[in-house]
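Here is the structure we will look at, set down as structure tokens.
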Number of protein chains: 2
Amino acid sequence: MSENANRAGRRPLILVTNDDGIESPGLHAVAEAAVAAAKGANGAGEVIVAAPTNQQTARGRSMNGNERDHFHPYEIPETNTDNRRLTAWHIDASPALVCQHALTVLCDGRTPDLVVSGINYGENIGTDIGGSGTLGAAFQAAAQGIPALALSRQTGVENHFFHGHLDWSETIRVAERWIRKILDLAPSLAAQPPGRRPFDVLKVDIPDPCPNETPERLTRLSMSRYLGFHIEKPSSRTRLGESRTYIAADAHSLDPADDGYAVAVDRVIAVTPLTIDCTASMIEAQRVLQV
Amino acid sequence: MSENANRAGRRPLILVTNDDGIESPGLHAVAEAAVAAAKGANGAGEVIVAAPTNQQTARGRSMNGNERDHFHPYEIPETNTDNRRLTAWHIDASPALVCQHALTVLCDGRTPDLVVSGINYGENIGTDIGGSGTLGAAFQAAAQGIPALALSRQTGVENHFFHGHLDWSETIRVAERWIRKILDLAPSLAAQPPGRRPFDVLKVDIPDPCPNETPERLTRLSMSRYLGFHIEKPSSRTRLGESRTYIAADAHSLDPADDGYAVAVDRVIAVTPLTIDCTASMIEAQRVLQV
């Protein structure tokens, strides 16, 4: 399979989205990586960027938005992005709905070869990922059979909602490598139904810092909680805003085979294959439920 | 194991939540079922109801809400609910955040034996369930190791956002039966870590109508899309509100072993065991990714 050739031999189409909003430097970083990765043997592919107008952190796979809004064009400010192959749009909606609406109205009847979501401010680890907008957008693509890549970088919790200025060069390199890899795999992935593939969503969590020689590790999703929610004196009068999110996991609570250990303890890149089929063991269920 | 006795032999504690909001007749129905089911060998258990102030359909596992709000008491109007064992609260937040906040501030340091989410207006089927607020609240409980039951009833799509007056007596019966069943299983479920249990969330979808003799069937989650999104003439100017949701699945597209076929074609009760561990096959991922 020659690099970046897709099923029909046509140039690849990549949809890039995120949860941090159209102005997020993490989105601009992954857009740059996607344009670079889409330059393949078949000539440069096409990259469409579609993101929420404002930050939509922790929206999970919510499908809500401003019913009256439509996509607005946006120019990504980075000068080293090849704008000729990049159109960017924003709309006032949750990440999964942005992804769904972009697939319907921006792709001109084509199905992208790959949806990339990220790069998120903050690692997405363990059983909390169901609340992640980055993962929500990726799973929305996966539900339609489109291979998806969800990219997140480790940051302090204080960066989840209030972004600082970070150096994105290391993560752009990681993103580009993984976009290339999944583009190459896309035809064989698409040949199998969702839930029966080696993965529907590939989750890649990048430690900070991430120098060139940082190893990659295939990991399981941690079944520990990674985030904790602390309230000083809980009562029925406690306001939602009084809850403080913190990173609850540590080397003792995490399994060394899992994503959390890889990123938080060993500081390597965690590559976690996820399936959209969350059916539990039918044999075990039959045994205890006797239906 | 005597009925409804829990680990410590104390009276069971059930947290009831939903995505349709505190005024939903589906919530009142399941609250009634929970109070009836909690009347066990150890004396009547306790039921706490915590729901969004307003309808929060399709919020997935979004964790957002009005930071300044706290829980407000509410009186469930049904006269045949035993109010002495029922306290109900509402707050302006997404279903998963309502569940999270209720676990932290309403349970007085106790961990419920079971979280019940529903009864939703509209069946929750296939790869679309990631967008369901009913399931989002249930998975939020599951992420903390609490067994969860997600209940939904089949309705037309027009009822997903605009509720009509329905007869809930049939679904209350089904709900009560399943709450009892999981309360009995709760100690053995809790003895295993999340992701390694026979199920973390049990999803029960109830056909409409559902007469007494309606069979129950253990089903897999469908990997087909159950819902479709139709836009007449898609363009970048298409507003979000122009998309029409419809039930895309039919007997030909659905697998007879799956939840969708059970509810939509055979009109039986679909009982689907779900896991919070969505790690795909590590062997297959290793083979194609070579990490």
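Miscellaneous remarks
- Among the residues of B:99-112, the average count of other protein chain beta-carbon atoms within 10 Å of the residue beta-carbon is 3.
- A point 7 Å from Cα along Cα→Cβ stands in for B:M282, and the other copies hold the same point at 2.5 nm, listed in rising order.
- Amide H within-cut-off set for B:V116, under 5 Å, with H built and near neighbours excluded: B:L15, B:V16, B:T17, B:L149
- Taking A:D92, B:D128 and counting other C-beta atoms within 10 Å, the order from fewest to most: A:D92, B:D128
- Counting every other Cβ atom within 10 Å of each residue's Cβ, A:I276, A:I129, A:I283 order from fewest to most as A:I283, A:I276, A:I129.
- In nanometers and ordered shortest first, the copy-to-copy spacing of the B:D108 label point, defined 7 Å from Cα toward Cβ, is 6.4.
- Beta bridges assigned by DSSP with both partners in the protein assembly as shown are antiparallel in approximately 35 percent of cases.
- Cα gyration tensor shape of region B:120-197, rounded if a/c is under 1.5, else prolate or oblate by comparing a/b with b/c: oblate
- Cβ neighbours within 10 Å from other chains - mean over B:229-241: 6
- Residue mean of other protein chain beta carbons inside 10 Å, B:216-227: 4
- On Cα atoms only, tilt of A:25-37 relative to the major axis of chain A in degrees: 40
- Note that region B:119-125 has calculated 3J(HN,Hα) couplings of 6, 6, 6, x, 5, 10, 9 Hz, one per residue in order, obtained from phi through the Karplus relation 6.51 cos²θ - 1.76 cosθ + 1.60 (θ = phi - 60°); glycine and proline are x.
- Shape of region A:181-291, Cα gyration tensor, a/c cut at 1.5: oblate
- Label point of B:S188 (7 Å along Cα→beta-carbon): distances to the other copies' equivalent points are 4.2 nm, sorted ascending.
- A helix-only calculation puts chain A at -7000 deg cm²/dmol for mean residue ellipticity at 222 nm, using -39500 (n - 2.57) for each DSSP H run of at least four residues, averaged over all residues.
- Region B:100-122 and region A:114-186 have Cα centres separated by 30 Å.
- In whole angstrom, the protein assembly as shown maps to an equivalent ellipsoid with semi-axes of 38, 25, 23, each derived as √(5λ) from the alpha carbon gyration tensor and ordered largest first.
- HN-Hα J in Hz across region A:91-105 - Karplus 6.51, -1.76, 1.60, θ = phi - 60°, x for Gly and Pro: 7, 7, 7, 5, x, 5, 6, 4, 4, 4, 5, 4, 4, 7, 10
- Listing B:M282, A:M223, B:M63 from fewest to most neighbouring C-beta atoms within 10 Å gives B:M282, A:M223, B:M63.
No lab work stands behind these numbers, since they all come straight from the coordinates. Everything numeric here is computed off the predicted structure, so don't read it as measured data. Positions of Cβ are generated from backbone atoms using ideal geometry, with glycine treated the same way; all protein chains shown enter the neighbour counts.
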